[in-house]
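Here the structure is laid out as structure tokens; the discussion comes afterwards.
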Ligand SMILES: Nc1ncnc2c1ncn2[C@@H]1O[C@H](COP(=O)(O)OP(=O)(O)OP(=O)(O)O)[C@@H](O)[C@H]1O
């Protein structure tokens with residue numbers, strides 16, 4: 001990936017704007033958190049892409065993608081390096097536009113509402129469409145508890161009990177039992193895999209509709225990877241998940257559906273079994289069988 005530090009942009013968004021959040025698109029979900037249980041019930045949010053093109057200046061990196069990310073499913077995005085996976089992902093929560101000269105054409109609909117419509121509040125979009133990055137990026141000066149609560153503060157979610165929501169999110173991220181006795185210890189003191197689950201807890205704490213994951217396991221060892229994969233499977237009961245991965249085994253293990261991109265085009269998308277065993281396009285067959293990477 002050649003883009004400049006989207007992780008830093010996300011950190012800056014949160015750290016600099018905690019006290020200055022604009023009005024959201026629709027009322028924030030302040031429903032009572034249930035500290036005893038991880039997220040369980042389906043909420044059913046869909047993202048629909050219609051003719052999405054993403055540009056860096058004059059260069060078109062995503063060349064007109066039509067695709068639906070279905071509710072309560074994991075959609076794995078695969079394809080060779082440079083095919084536009086991360087660019088497309090960052091277009092979906094409007095992070096692409098942070099890059100000078102970058103722009104998006106086409107429609108990106110969250111439950112039928114165009115996220116790029118004039119006057120739309122970008123902070124609200126990023127609350128509803130959360131993102132987890134390649135490298136775990138806990139806020140370095142914050143404790144475990146503060147890291148998870150950071151999004152609540154940023155979004156001015158005041159009418160929920162923050163401690164309850166922190167526990168709910170940490171349980172949802174499969175981390176509660178490992179950290180419940182040291183919530184005030186620094187987040188960066190956790191292992192890499194724990195830090196990534198902490199970042200997932202931070203993302204789910206504000207109850208987004210959709211979670212975008214950009215190679216969330218690429219910096220993790222195999223055991224931590226397995227834990228995060230198990231977690232993703234559980235989280236889909238509550239959230240719509242888009243998972244960019246270089247790892248085809250991971251796509252096969254975790255993806256309900258898989259989308260294959262090549263040179264900025266979406267070649268095909270479908271049920272993961274079909275994409276891996278009986279794809280329509282010869283380029284998909286060649287890629288999933290390892291003939292090129
Ligand atoms: N900041 C940028 N400025 C200009 N071009 C960029 C920028 N970021 C990415 N690109 C180009 O856009 C295209 C798509 O890149 P992108 O990072 O989205 O691909 P990718 O499939 O996610 O790759 P990888 O798997 O290596 O992360 C590439 O040709 C890349 O060089």
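Using packing as a proxy for protection, rank 87-100, 260-273, 48-61, 112-125 so that the peptide with the highest average count of other Cβ atoms within 10 Å comes first.
Those peptides, ordered most packed to least, come out 87-100, 260-273, 48-61, 112-125.
Rounded to the nearest 5, the antiparallel percentage of DSSP beta bridges internal to region 160-293 is 55%.
If one computes the Cα centroid of region 49-121 and of region 185-204, what distance in Å separates the two points? Taking the Cα centre of each part, region 49-121 and region 185-204 sit 27 Å apart. When DSSP beta bridges are restricted to pairs lying wholly in the chain, around 60% turn out antiparallel. Computed with the Debye formula from one identical point scatterer per Cα of the chain, without solvent, the log10 of I(q)/I(0) at q = 0.08, 0.09, 0.16 Å⁻¹ comes to -0.31, -0.40, -1.33. A helix-only calculation puts the chain at -9500 deg cm²/dmol for mean residue ellipticity at 222 nm, using -39500 (n - 2.57) for each DSSP H run of at least four residues, averaged over all residues. Gyration tensor analysis over the Cα atoms of region 34-190 returns equivalent ellipsoid semi-axes of 32, 18, 16 Å (largest first, whole Å).
Modelled label positions at residue 158 and residue 70, each set 7 Å beyond Cα in the direction of Cβ, lie 4.2 nm from each other. Residues of region 97-135 falling in the label zone of residue 246, defined by backbone nitrogen less than 14 Å from a point 7 Å along Cα to beta-carbon, are 134-135. One equal scatterer on each Cα of region 115-212, no solvent, Debye formula: the resulting log10 I(q)/I(0) at q = 0.12, 0.16 Å⁻¹ is -0.36, -0.62. Measuring from a point 7 Å past the Cα of residue 265 along Cα-to-C-beta, which residues in region 49-71 have an amide N at less than 12 Å? Answer for this model: 63-65.
What whole-number distance in Å separates the alpha-carbon centres of region 142-161 and region 245-262? Computed from Cα coordinates, the inter-centre distance equals 32 Å.
Each reported figure results from applying straightforward, stated rules to the coordinates on display, with no laboratory input. All values derive from a computational prediction rather than experimental measurement. We place every Cβ from the backbone using ideal geometry, glycine too, and count neighbours over all the protein chains shown.
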